[in-house]
1. Could you work out how much longer the chain between Thr29 and Ser176 gets when fully extended? Use 0.36 nm per residue separation minus the Cα distance between them, nm to one decimal.
2. Once label points are set 7 Å from the Cα along Cα→Cβ at both Glu155 and Ala167, what is their separation, rounded to one decimal in nm?
3. Once the piece of chain linking Met68 and Thr187 is laid out straight, how much longer is it, given 0.36 nm per residue of separation minus the C-alpha distance between them?
4. Shape of the stretch 93-143 from its Cα gyration tensor (a ≥ b ≥ c, root eigenvalues): rounded if a/c is under 1.5, otherwise prolate when a/b > b/c, or oblate?
5. For the stretch 18-73, just say rounded, prolate or oblate: build the C-alpha gyration tensor, square-root its eigenvalues into a ≥ b ≥ c, call rounded for a/c under 1.5, and beyond that prolate if a/b exceeds b/c, oblate if not.
6. For the stretch 41-158, what is the accessible area per residue in Å², given a 1.4 Å probe and the full set of protein chains?
7. Using 0.36 nm times the number of residues separating Met146 and Asp128, minus their current alpha carbon distance, what extension gain do you get?
8. Checking the a/c ratio against 1.5 first, then a/b against b/c, what shape does the Cα gyration tensor give for the stretch 108-189?
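The values are calculated or read from the model by the stated rules, or taken from the named source; none is laboratory data. The shown structure was predicted, so the numbers you read here are calculated from the model rather than taken from an experiment. Positions of Cβ are generated from backbone atoms using ideal geometry, with glycine treated the same way; all protein chains shown enter the neighbour counts. All accessible areas refer to the heavy atoms of the entire protein, side chains included, with ligands and DNA or RNA removed. Shrake-Rupley method; radii C 1.70, N 1.55, O 1.52, S 1.80 Å.
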Amino acid sequence: MAQRTSDIDSANDSANSGATAGVGARIKTFRTGRRISLRELADLTGTTASFISQLERGLSGASASTLMRIAAALGLGINDLFDETESPLHKVLAKVDRPTLPATNGCRKMLLSRRPIHEFEVYAGHFDIGGSTGDEPYSHGGRHEMFLVLTGSVELTLADERFVMNAGDSIEYATSTPHRTVNVGPTPAEVLWIIAPPTSGAAELNQYKPGNGSRPGTHATRAKSTGGPK
């Protein structure tokens, strides 16, 4: 398959980068660790599987914009691709960095699952007092959904049934069942939606905008290995 010329640096650009092989190797490490295929990464970044393969093997360079798209698709910062120190394969998603939908009806929904999403997807919801998912119930696909209340009190409508749920309560249902959530308590409420297999497509996921970014003290740090449980 032909490579897209916009994805490949000129010979001069490649010559000026002595880290091409190292960057490619780190891309492969993160990609395989996240169980993302060459084709999936190519689709996410607007490139081709053959280009990604050559980049990982150090046989091709890439433009800065392409590397930024690759880093974003892998849930990384661009600096992670050039950091020669040992980088953690698993990364904490800080609360301030959660991709978020614009708040509507007093409800703010945040994506917790790393893209690309495979077996399941997880969303966090914050409801202001009286906030809801909307005036009407909604449904999506025919998957399995678990709804968990973390804080506060909410009323969940499932078709013709209604349930008042408090912190720690959970319920399961088919996503094809019309459902609606409203905060009926005196305080804000927080919930989780866990859906398997995923029902959201790329167009819907792209509506989630990056969080506010890191601030001092907001990111968790990785503890040093102690050689296993004691």
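1. Computed gain between Thr29 and Ser176 is 49.2 nm.
2. 2.2
3. Stretched fully, the Met68-Thr187 segment lengthens by 38.8 nm.
4. oblate
5. On the way: a/c = 1.44, a/b = 1.22, b/c = 1.19.
Verdict is rounded for the stretch 18-73.
6. Working: 5560 Å² over 118 residues.
That works out to 47 Å² per residue.
7. Extra length available between Met146 and Asp128 comes to 4.4 nm.
8. It is oblate, given that a/c is not under 1.5 and a/b is not larger than b/c.
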